[in-house]
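Asks: Sharing a structure here in structure tokens format.
The values are calculated or read from the model by the stated rules, or taken from the named source; none is laboratory data. The shown structure was predicted, so the numbers you read here are calculated from the model rather than taken from an experiment. Glycine gets a Cβ as well: all are built from the backbone with ideal geometry, and neighbour counts include every protein chain shown. These area figures cover heavy atoms from the full protein model, side chains too; ligands, DNA and RNA do not enter into them. Shrake-Rupley method; radii C 1.70, N 1.55, O 1.52, S 1.80 Å.
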Amino acid sequence: MRTTKLLAALVGLVVATGCKDLNVPNLNSPALDDLLNNPTRSKIVTAATGLLIGTRAGIAAQNGYVSLLGIVGRESYNFDPADPRFVTEMMVGPLDGGSPAFGGNLWANPYRSILNANILLTATDRVPAMSDPEKEAVRGFAKTIQAFDFLKVIVTRDANGAPIDVGIDLTAPPAAIATRAAVYARIVQLLDAAQTHLQAAGSTFPFTLPSGFAGFNTPSTFLQFNRALRARVAVYTDDFAGALTALGGSFIDTTKSLNLGVYYDYSTVSGDETNALFDPNARAIVAHPSLETDAQLQTGGAKDARFVRKIAKLPAAKSAQGLTSDLQFVIYDAVDAPIPIIRNEELILLRAEANVGLNTAGSLAAAITDLNTIRVKSGSLPLYAGAVTQTALLDELLYNKRYSLMFEGGHRWIDLRHYGRLNTLPQDPTSGGAAKRFSKFPFPGFECDPRSPPPPGCGTETGS
Amino acid sequence: MVTRILLITLALATLVGVVAVSAQQRQITGRVTSAATSEPIAGVNVSVTGTAYAAVTNAEGRYAIPAPAGAATLVFRRIAFKRREVQLPADQNTADATLEPDVFNLEAVVVTGQATGVERRNAAIATSVITGSEVTSVPAPAVDRALQGRVPGAYIQQNSGAPGGGTQVQIRGSNTVVGSADPLFVVDGVIVSDASISSGLFTVTESGNPQSTRNDGEKQDDPVNRLTDLNPNDIASIEILRGAAASSIYGSKGVNGVVIITTNRGKAGTPRANIVQRVGFSELQRGFDTRVFDTTSAIVQYATIYDDLGNPIGIDSASRALIMSYLVNGRLPTYDHLREVAGEKPINYETQLDVSGGSGQTRYFLSGNVKGDGGIIANTGAQRQTLRANIDQSFSDRFSVAFSSAFNRTTTQRGFTNNDNNGASITYGIAYIPGFVNIEPVNGVFPNPGITYKASNPLQTIALGKNDETALRFTGGLTATYQAVASAHHNLKVVGAGGIDFFNQKNKVVAPPELFFQANQTNPGVATLGNADSRFTNWNFNAIHTYTPTSGSFKTTTSAGVQWEDRQLSRGRVEAQGLLPGQQNINQGSVLTPFEETTHERTIGLYGQEEWLGLGERLLLSGGVRAERSSANGDVDKFYFFPKAAGSYRFPNALGEGSDFKLRAAYGETGNQPLFGQKFTTLQGGQVIGGHVGTVVGNVAGDASIRPERTREIEAGIDASLLRGRASVELTLFQRRTSDLLVPVTPAPSMGYGLQFLNGGKIKNEGIEVAAGLTLIQREHVNWIFRTTFTSIKNRVLELNLPGGAQGFRPANAGYGLSYGEFFVQVGQPITQIIGVDDVGNTISLGQANPKFRWAFSNQITYHRASLSFLWDWQNGGVAQNQTLSLYDCNGLAPDFSSPRGQAGYDACNNTGDARPFVESTSFLKLRNASLSLDLPDHVAAWFGARSARISVEGVNLITITDYIGYDPEVSNYGQQSITRNIDLGPYPPSRSFFFTIQAGF
């Protein structure tokens, strides 16, 4: 009978062991499932802060958003001795979707940020210990940032379109590629939904926004930033009346500093990112020589003050692959220099652009007023004296956007494409052939791999 | 479900267990002695065929066993002796037996379950059993190294020549891409860790990508695998479970094979002591010679200016002046830098003392070992101190407990070697310094070489750098056996076993700011402190029931049990840059980089199996299943089943009197667990904006449905024993298909992730394994034993299921670019394929890392008291990325620079980008070891009061015959790897060692 008892005990042990809970949590990092299924106020706060980290990713890199769009818009060259593709691929082409650092770049970072926003929105819906106004503040914030990330995607892919119905379910097939118009429509929808959320929010955000959002760090002032983005999107989609409406809700103010606005923050604090566009010895990044030759003159004969302020002469010209420049950007003068997201100067120019687009006598006059504000305040140039026609004023507007928003995120390339003027870009003679004009980036190879047949926009972009 | 099956099984066992013991009995007694020495043999298993009765001989070789009335057959078995059967008439109650030695281990009992075994002659699966005396016949840095050439089906390869070990064991091919490639090691029932934990050397060499988690750098630190802690002298036997049918009892950790190590245990009788004292030295075995320069060639190499088309257009006067500054008596000297850095002849020593004995119910084995291996690079070496206590206690005929414990301290000083991006690695650095540059200290001051890699003076690095490791380890286990029922027909045994394996590994890497290569850093001077804690616990309970019917025509063994396993490893590291001169404390650095990582897996296995042995012990059939769930899987509640089935049939005396011939076949399934964390999607912390921390999703998406890789294997073979045990052959064919292979997949980036590990691929390994032994001469004073093992494995990737139908991917740690050769996993190719570009830029396959075959031969020749043994190991085929050669070639420093080969290598590196010169065949023939020993006459031994004494001379790693250029064709820059082994990049050079040994028994 002792044997029977022993065996009974053994059976009990087997049953007890067999049913034991084996779960081991992720011991090294916070887990996504934990945020989604067990959200708390502090987890929402760090995820919201993370959204700003995510949307900043890849902006300031040497092959990031500002730098690569600067190359295709002939604002800059990159003479990195370690990587000739800054010239061979980014200028001569073709842009290759299979090269993640160049032709296939400027894609994964914004989409990861879009995923972050979706996660934050889902977790916010589920978090118990936050008031509804706080939740609305988070939602308004998250949708604004997500719209901004979609905007960063579509300006690089343009006519190729982009997926918009991206969720957080990885087992689902990749979202379909939507048209350019559909992507802009989604951006508008997100920004307007964010507006509603922010209007229903309380007086503060439950998290702290960094100094780049100084002046825009409460739901009501953040809404001005939201409207500023909305105005940019409206101009990009030729909705000029809508742009003026949106600008009315933004922080546009000709009496205030042109630099008033929202910025990406950088710092040398451990764990923070530094601004890699700060290149004091012009190791790799130099300014395009046309910025000097195309600059208008101040009354005294000096170059446009924006050129003088933003560009310095190198002691000796630098050359690579048949290209030469003796110009260096001094826009980002420290490793913690902020990079503009959108600022007052652009808003004034957007108002001018909308008014040029509306093309009425009154609107053209209003445009001239705004253009003169920028010419004088930013460029120290004499007042506009050219023809008062839509065409002439568009030329003048594009000149001012080029110098006012120089090397701040591809404005020149985006604007020339918008008005069908990419063919005005110089075809610099590199040692590998003449530089091409690209209107858009191809999809990354990994985006195409799971799609059969590959949609248009996969492969390479040869330019013209 | 499984629980229910077990319940029923156990309930049945309970019912039969209470059947009354048969009344008709008699007692048989006798004595067992050695045929060779006439000494009594203790520990012989005695059984009566057709019954479940069993007994064990005592120290005097005596036994007593119950037997049914009538004629009986007694079977005597003991490891290292041939099995013996004695027929006993009904009226005879005493039986003495003499046993003959079993040189080929044909009679061993091999493992078939957690607590069951079967005699090897019946085994239906291929098994390898290595005895302790084979392991310790020559000294080895670790047990795994001692198994080289002795195990069919296993490729055992050292990662470098560094003292202290660093070896990978690959059993039956490459079966995974990202999963664990190491076998499971079990010592006295305790699952032990064989982790290879980075020293943190990469913080100085800056190998790998510093922006990432440094995972790539960590792997290039040439770590010791922790099996090195085990003292080989304590080992009684090693059994290697190669096939899936054998290892499926270990479920989802069995795919790479299971190595079951049993340590020595005490024997009843007079106490015995054994002392082994070894002393010897090591020296450089192979390496690069030096290119001899004259001023003309030096100026061509170092001072000539070329135009864009490669035409010389002038001479740089400063460089020319630098070269002239090296002149000694008007000529450029030639220093042999390799011998300067690796020319030490260090003293090695080892002392082993063990004591064993016991009386009646208590037996013990105690041992202590102190060992020190010097390194051929100064200030390197390895030391180990171990203590072991194994105690067996029986409380009655029915209940006994076996306790095992070992405490070890292992220390190494490994120096700076392997890949380097910073001027730290000694072996990397000398590939940049031409022979005419003096690096020896002048008046105690190391010169800055001038022509070198990142200002490195390797001799200065040797003198000032530090890469030290200390590991403290305790491994202990307890096995309790309760004989619940022992009758003529029924035998029920309950076995419970459990154990723990703890170790702490501490690393300190210091590169002081005085080092030339540190001086020009932003923050000169690095100190890195690493700490790792490992804790493995496991236990299992088993019930084993054997039933023998009255007719005695068959015997069945039913067993069932449960196993629990818990494995944790916590690693931490702090790197301090900007170290104050003269300081080693990480507090004295100005820039600190922390790292911490913990992994933890918990696994439960339930299993049951049935064995049936009948037809006069000719036919063995067995089947079983293990059900397992684990925290490593996506669904921790889901049981995964690993079935097995096997059968064998013997033909006794079919090949002559005393011969045995067996056909066997087996099917089994085993697995490989996902790695810790592969199921989780993480949020990355540690990132800051505006002074506030934030979380963003990580690059790698977890797979919540991740499951073990599964390997299904069929094996079949023959075993034959001929000429009354003088010859034996074991031949096995196997084919294994692994499905649900974990493959790194890049999802569409619009989903927000960059990588995910998904079950999807399929690979196939098939091969042939042969082990044979032959006693060539067996005379009174001359004995010659020949053994051989042969292994050939073919591997092919069948499917990968990559998005977009992609046919291959570059695995992590694949290499350094297609111009040097890189691993590439591709459908239809061997999984260890290496590809590269040729001289016109076409990407071509350059072979595979795994060899065509491995064939080893060992001989043991005894003449009177003298004995000579040696082991040759032949590897044919397989290629390695010889990046050490590419360094010498690229820098124009290859000794054969002027030859067509040297010119081709220089040209490939500097002009065409051709990878072919740097992907070399690893075929070799090695004399792994040789020993000559002499047993001293007893009266000589008695001079020291010893019972027996032996002196011997041993050599290890004596000869390598190969076309491979440079160090050693067996090398791995990335350490333990399933695929990306065979990368040679400035490894610790190989050494050969000689020992003089005195062994005495008391």
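Asks: Which pairs in the list A:LYS152/A:LYS318; B:LYS219/B:LYS852; A:LYS20/B:LYS506; B:LYS253/B:LYS644; B:LYS493/B:LYS662; B:LYS762/B:LYS794 are over 22 Å apart, alpha-carbon to alpha-carbon?
Replies: Numbers: A:LYS152/A:LYS318 31 Å; B:LYS219/B:LYS852 27 Å; A:LYS20/B:LYS506 34 Å; B:LYS253/B:LYS644 15 Å; B:LYS493/B:LYS662 29 Å; B:LYS762/B:LYS794 14 Å.
Checking Cα-Cα distances, A:LYS152/A:LYS318; B:LYS219/B:LYS852; A:LYS20/B:LYS506; B:LYS493/B:LYS662 exceed 22 Å.
Asks: Amide H neighbours of B:ARG62 under 5 Å, counting only residues 5+ apart in sequence or on other chains, H built in-plane at 1.01 Å?
Replies: Those qualifying (amide H under 5 Å, at least 5 residues apart or on another chain) are B:VAL32.
Asks: On a 0 to 90° scale, report how tilted helix B:2-17 is relative to the longest principal axis of chain B, with both axes built from alpha carbons and the result rounded to the nearest 10.
Replies: The two axes meet at around 30 degrees.
Asks: Can I ask one more? Calculate the length of the line joining the C-alpha centroid of the stretch A:235-250 to that of the stretch A:407-464, in whole Å.
Replies: About 27 Å separates the Cα centre of the stretch A:235-250 from the one of the stretch A:407-464.
Asks: I've got another one for you. What is the dipole size for the protein assembly as shown, taken about its Cα centre, with +1 at each Lys and Arg Cβ and -1 at each Asp and Glu Cβ, in debye to the nearest 20? Spell out each step's value before the answer.
Replies: Working: 123 positive and 127 negative charges, 593 e Å.
Taking the Cα centre of the protein assembly as shown as origin, the dipole is about 2840 debye.
Asks: Local charge sum around A:LEU35 (other residues, Cβ-Cβ under 11 Å, Lys/Arg +1, Asp/Glu -1)? The partial results should precede the final answer.
Replies: On the way: positive: A:LYS43, A:ARG126; negative: A:ASP33, A:ASP34.
Overall, the nearby charge balance is 0.
Asks: Could you order peptides B:122-129, B:245-252 by the average number of other Cβ atoms within 10 Å of their residues, highest first? Spell out each step's value before the answer.
Replies: Values: B:122-129: 25.4, B:245-252: 29.8.
Ranked from most to least packed, the peptides come out as B:245-252, B:122-129.
Asks: Largest first, what is the accessible-area ranking of B:LEU478, A:LEU394 with a 1.4 Å probe? Present the calculation step by step, with values, prior to reporting the outcome.
Replies: On the way: B:LEU478 85, A:LEU394 25 Å².
Per-residue accessible area, sorted high to low, gives B:LEU478, A:LEU394.
Asks: Could you sort the peptides A:420-432, A:374-386, B:70-82 by per-residue average Cβ neighbour count (10 Å cutoff), highest mean leading?
Replies: Working: A:420-432: 14.5, A:374-386: 16.9, B:70-82: 18.6.
Top of the packing list down: B:70-82, A:374-386, A:420-432.
Asks: Then there is this: Of B:THR912, B:VAL953, B:VAL129, which is farthest towards the positive pole of chain B's charge dipole, taken about the Cα centre with +1 and -1 on the beta-carbons of Lys, Arg and Asp, Glu respectively?
Replies: With unit charges placed on the Cβ atoms, the residue in question is B:VAL129.
Asks: Just want the answer: with Cβ charges of +1 for Lys and Arg and -1 for Asp and Glu, which residue in A:TYR236, B:ILE28, B:ASN813 is farthest toward the dipole's positive end in the protein assembly as shown?
Replies: Ranked along the dipole, the leading option is B:ILE28.
Asks: Which residues, if any, in the stretch A:210-226 have at least 10 Å² less accessible area in the whole protein complex than in the isolated chain, probe 1.4 Å?
Replies: By number: A:PRO210.
Asks: Quick one: net charge around B:TYR863, please, counting Lys, Arg +1 and Asp, Glu -1 for every other residue with C-beta under 13 Å from its C-beta.
Replies: Details: positive: B:ARG779, B:ARG865; negative: B:GLU780, B:ASP935.
Surrounding charge for B:TYR863 is 0.
Asks: To the nearest 10 degrees, how steep is helix A:180-199 against the longest Cα principal axis of chain A, on a 0 to 90 scale?
Replies: 70 degrees
Asks: Let me ask something else about it. Please compute the per residue accessible area over chain B with all protein chains in place, 1.4 Å probe, rounded to a whole number of Å². The partial results should precede the final answer.
Replies: Working: 36330 Å² over 1002 residues.
Dividing the accessible area of chain B by its residue count gives 36 Å².
Asks: Can you give me the angle between helix A:390-404 and the longest principal axis of chain A, using Cα atoms only, in degrees from 0 to 90, rounded to the nearest 10?
Replies: 60 degrees
Asks: Where the only charges are on Cβ atoms (+1 Lys, Arg; -1 Asp, Glu), what is the dipole of the stretch A:38-350 about its Cα centre, to the nearest 20 debye? Intermediate results must be reported in sequence, preceding the final value.
Replies: On the way: 26 positive and 29 negative charges, 53 e Å.
Rounded to the nearest 20 debye, it is 260 debye.
Asks: Please give the peptides B:144-154, A:91-101 ranked by average Cβ packing (other Cβ atoms within 10 Å per residue), highest first, as a rough proxy for protection. Write down the numbers at each step before the final one.
Replies: Details: B:144-154: 25.2, A:91-101: 19.5.
So the order, starting with the most tightly packed, is B:144-154, A:91-101.
Asks: Below 11 angstrom from the Cβ of A:THR324, what's the summed charge of the other residues (Lys, Arg +1; Asp, Glu -1)? Could you put the intermediate results ahead of the total?
Replies: Working: positive: A:LYS318; negative: A:ASP326, A:ASP428.
Neighbourhood net charge equals -1.
Asks: What fraction of the DSSP beta bridges in the protein assembly as shown is antiparallel, stated in percent and rounded to the nearest 5? It would help to have the intermediate numbers written out before the result.
Replies: Working: 391 of 404 bridges.
Roughly 95 percent of the beta bridges in the protein assembly as shown run antiparallel, per DSSP.
Asks: Rounded to the nearest 10 Å², what accessible area does A:ARG112 have for a 1.4 Å probe in the complete protein model?
Replies: 50 Å²
Asks: Is there a simple number for the mean count of other chain Cβ atoms within 10 Å of the Cβ of residues in A:50-60, and what is it?
Replies: Going residue by residue through A:50-60 and averaging, the value is 4.
Asks: When only DSSP loop residues count, what chymotrypsin sites (Phe, Trp or Tyr not before Pro) in the stretch B:921-976 have their Cβ near at most 16 other Cβ atoms within 10 Å? The partial results should precede the final answer.
Replies: Numbers: sites: B:PHE924, B:TRP943, B:PHE944, B:TYR964, B:TYR967, B:TYR974; in loops: B:PHE944, B:TYR964, B:TYR967, B:TYR974.
Answer by residue number: B:PHE944.
Asks: Trypsin sites (Lys or Arg not before Pro), restricted to the stretch B:915-1002: which are DSSP loop and have at most 16 other Cβ atoms within 10 Å? Present the calculation step by step, with values, prior to reporting the outcome.
Replies: Working: sites: B:LYS926, B:ARG928, B:ARG947, B:ARG950, B:ARG981, B:ARG992; in loops: B:ARG947, B:ARG981.
Passing both the DSSP loop test and the Cβ count: B:ARG947.
Asks: What size of dipole, in debye to the nearest 20, comes out for the stretch A:240-359 about its Cα centre when the only charges are +1 on Lys and Arg C-beta atoms and -1 on Asp and Glu C-beta atoms? Walk me through the numbers before you get to the answer.
Replies: Numbers: 10 positive and 14 negative charges, 65 e Å.
Here the stretch A:240-359 has a charge dipole of around 320 debye.
Asks: Then there's this: Taking all protein chains in place and a 1.4 Å probe, what share, in percent, of the accessible surface of the stretch A:53-185 do carbon and sulfur account for?
Replies: Numbers: 2050 of 3650 Å².
Carbon and sulfur atoms account for 56 percent of the accessible area of the stretch A:53-185.
Asks: Would you work out what percent of the accessible area of the stretch B:146-200, with all protein chains in place, is carbon or sulfur (probe 1.4 Å)? Numbers along the way, then the final one.
Replies: Values: 330 of 680 Å².
Of all accessible area on the stretch B:146-200, carbon and sulfur atoms account for 49 percent.
Asks: Quick check: Cα centre of the stretch B:931-1002 to Cα centre of the stretch A:283-329, how many Å?
Replies: 70 Å
Asks: Turning to a different aspect of this structure: Among A:ALA302, A:SER290, A:ASN275, which residue has its Cα positioned farthest towards the positive end of the charge dipole of the stretch A:217-310, with +1 placed on the Cβ of Lys and Arg, -1 on the Cβ of Asp and Glu, and the dipole taken about the Cα centre?
Replies: Most positive-ward Cα: A:ALA302.
Asks: Same structure, new question: Can you pull out the cysteines in chain A that have no other Cys Cβ under 4.7 Å?
Replies: Singleton cysteines: A:CYS19.
Asks: Quantify how strongly other chains surround peptide A:447-457 by giving the mean number of their Cβ atoms within 10 Å of each of its Cβ atoms.
Replies: Numbers: counts 8, 3, 9, 9, 3, 3, 0, 1, 0, 0, 0.
For this peptide, the per-residue mean of nearby foreign Cβ atoms is 3.
Asks: Nearest 100 Å² is fine: what is the total accessible surface buried where chains B and A meet, probe 1.4 Å? All intermediate terms of the calculation are to be shown ahead of the outcome.
Replies: Working: alone 38960 and 19530 Å², together 53140 Å².
What B and A bury together is about 5300 Å².
Asks: Right, something else. Tell me the carbon and sulfur percent of the accessible area for the stretch B:298-349, rounded to whole percent, probe radius 1.4 Å.
Replies: On the way: 1720 of 3230 Å².
That share works out to 53 percent.
Asks: Taking beta carbons within 10 Å but only from partner chains, what does the mean come to for residues B:676-682?
Replies: Details: counts 4, 6, 0, 4, 11, 10, 7.
Across B:676-682, the average partner-chain Cβ count within 10 Å equals 6.
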